[in-house]
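Working notes, beginning with the structure itself.
The values are calculated or read from the model by the stated rules, or taken from the named source; none is laboratory data. Predicted, not measured: the structure shown is a model, and the values here were computed from it. Reconstructed Cβ throughout: ideal geometry from the backbone, glycine too, with neighbour counts over all protein chains shown. Surface areas here come from the heavy atoms of the whole protein model, side chains and all, with no ligands, DNA or RNA. Shrake-Rupley method; radii C 1.70, N 1.55, O 1.52, S 1.80 Å.
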Amino acid sequence: MHRVRHSRHVTNLENRPTPQQCHAHGGTGPLHELLEPRDVPLGGLRSMQVRRTLPQRALPMVGAWCFLDEFGPQQVQMRVLPHPHTGLQTVTWPLQGQIRHRDSLGSDVLVRPGQLNLMTAGHGVSHSEFSVEGDPVHAVQLWVALPDDVREDPAAFEQVTDLPVWEAAGVRATIMVGALGEARSSAHVHTPLVGADVALDAGATATLPLEEPFEHAVLVLDGTVQVDGETLTPGPLLFLGDGRRELTVSADDGPGRFLLLGGRRFEHDLVMWWNFVGRSHADIEQARAAWSSDAFAERFGEVDGHDGVRIPAPDLPNVRLSPRRRPGRA
Ligand code: MN
C-alpha cells in the first residue's frame, strides 16, 4: 500500500465551472491518499463558501459518489435559486440548521439534522435550497451518479426520517444510504453504495465492517479522528481504495465525527459539467440548451415560489468535454 498526499488549492468560480471528465477506473487495493479540499463560492456575489473534496483531478469518484461539498458552520444565508440537474441524485445532509428544499415535482420540505433529502434527477429536475433565517448552517451535499439503465428515468424525491443506526461502545453510525453490517437505509439508490455519518465519543474505538469490493473514503466533519493510522481533522478527504474488510477508527483526542463514503467502482464514464452529469459532450450540450430555452420546463419543470427567477447556465468551455482516465492508475 502506498501513501500519497495531494495538495491542490484552486478557486473554482461557479460561473466558470471547470469541466470534470471522469473515466471509470480499475480496482486499486487498499490505498491511503489525502486529498485537500478547494474553496468554492456558491450562490452569487454575496455567496457562501463551500469546501469541495469531490471530484478531484486525482480522484473523480468514490463508487458512484461523484460530488462532495461541505458548507458551514456559518451564519450566512444559504440561497440557492432554482437550477437544473440531470443524471444524478442529490443527497442533502444537514449537521446543524434546517434547509428548505423546493423542487419541480412540487416538493416543499424542511430537512433537519438526522434527516436525509434524496432527489433523483434522472432525465431532468430543478430545485432550490434555502437555509431558514437565523439558523447557522452546517451541511454536506453529495451527488450520486446514476447508472445507464435509470439515468434517463423520470425525477423523484424522497425524505427519509427513520435512518438506521449501527452502534458499538461509544460509536453511533447513522446510515444515510446503503448498509453497515445489519443496519440498512431505506433510501433508494441504484448502485452498491454506502454513506454513513459516524460519531465517536472521546476515547472510543470501533472496527467498522466494510464491503470488500467497495472503494471507501473518509471526511472528518468535527473534532479529530484516527483512521488507518492517520490523525484526521476537518479538511481533507482520505481515500482508502478498495479491498478492505474493515476499518478501525478511534477518537483519542476528544469526540469526533466523520462521513464514511463507499461504493462499488462505477462502471460508466462520466462527463460532469455545472449541474449536469452525462456520458458525452452532446448530453451536456443538450441539457444546457434545454435549461437555456423558453421551453425549459418541458425537461426540468418549474419550482414554485421564486417568481420565475432561475440560475442561468454558464457558457460551455471552448473544448469538447470527453471522459478521461483517473491519473496514475490503469
Ligand atoms: Mn442542486
- Of all residues in the range 133-156, count the ones that are within 15 Å of ARG279 (Cα to Cα) and either basic (Lys, Arg) or buried (at least 23 other Cβ atoms within 10 Å of the Cβ) (or both). 4
- On the given criteria, is MET176 away from the ligand (no atom under 16 Å from the Cβ), under 16 Å from the mean Cα position of the chain (by Cα) and open to solvent by less than 30 Å² (accessible area, probe 1.4 Å)? yes
- Note on the structure: Residue hits (the range 231-263; of a type outside the set (A, V, I, L, M), open to solvent by less than 30 Å² (accessible area, probe 1.4 Å) and assigned to a strand (DSSP E or B)) are PHE239, GLY241, ASP242, SER250, GLY256, PHE258, GLY262, GLY263
- Query: Across the range 55-88, what is the total count of residues that are at pLDDT below 90, over 21 Å from ASP222 (Cα atoms), touching a Phe, Trp or Tyr at 6+ places or on another chain (Cβ under 8 Å) and not in a strand (DSSP E or B)?
  - Reply: 1
- Message: Checking HIS216 against (1) in a strand (DSSP E or B); (2) farther than 21 Å from GLY27 by Cβ, only one condition comes out false. Which one?
- Response: (2)
- Task: Would you list the strands (runs of 3 or more DSSP E) that sit entirely within the range 89-132 and hold 1 or more residues that are open to solvent by less than 10 Å² (accessible area, probe 1.4 Å), closer than 21 Å to PHE258 by Cα and more than 12 Å from the ligand (Cβ to nearest atom)?
- Result: 108-111, 116-120
- Query: If you go through the range 153-173 one residue at a time, how many are closer than 24 Å to GLN286 by Cα, away from the ligand (no atom under 16 Å from the Cβ) and in contact (Cβ under 8 Å) with a residue 40 or more places away in the chain?
  - Reply: 0
- Note on the structure: When PHE266 is run through (1) closer than 21 Å to LEU68 by Cβ; (2) open to solvent by less than 30 Å² (accessible area, probe 1.4 Å); (3) at pLDDT 95 or above, the failure sits at (3)
- Task: Kindly indicate whether VAL303 is open to solvent by 40 Å² or more (accessible area, probe 1.4 Å), part of a loop (DSSP other than H, G, I, E, B) and within 16 Å of the ligand (Cβ to nearest atom).
- Result: no
- Task: Return yes when TRP65 is within 15 Å of the ligand (Cβ to nearest atom), open to solvent by less than 20 Å² (accessible area, probe 1.4 Å) and either closer than 27 Å to GLU211 by Cα or of a type outside the set (Asp, Glu) (or both) and no when it is not.
- Result: no
- Note on the structure: Subset of the range 36-55, residues away from the ligand (no atom under 16 Å from the Cβ) and open to solvent by 10 Å² or more (accessible area, probe 1.4 Å), comes to GLU36, PRO37, ARG38, ASP39, LEU45, ARG46, GLN49, ARG51
- Message: Can you find a residue that is closer than 21 Å to GLY124 by Cβ, buried (at least 17 other Cβ atoms within 10 Å of the Cβ) and touching a Cys at 6+ places or on another chain (Cβ under 7 Å) anywhere in the range 190-197?
- Response: no
- Message: Where the second residue is near the ligand (Cβ under 9 Å from one of its atoms) and open to solvent by less than 10 Å² (accessible area, probe 1.4 Å) and the first is of a type in the set (A, V, I, L, M) and lies in the range 78-92, which pairs have Cβ atoms under 7 Å and are six or more apart or on separate chains?
- Response: MET78/GLU129; VAL80/SER128; VAL80/GLU129; LEU81/SER128; LEU88/ALA121; LEU88/TRP143
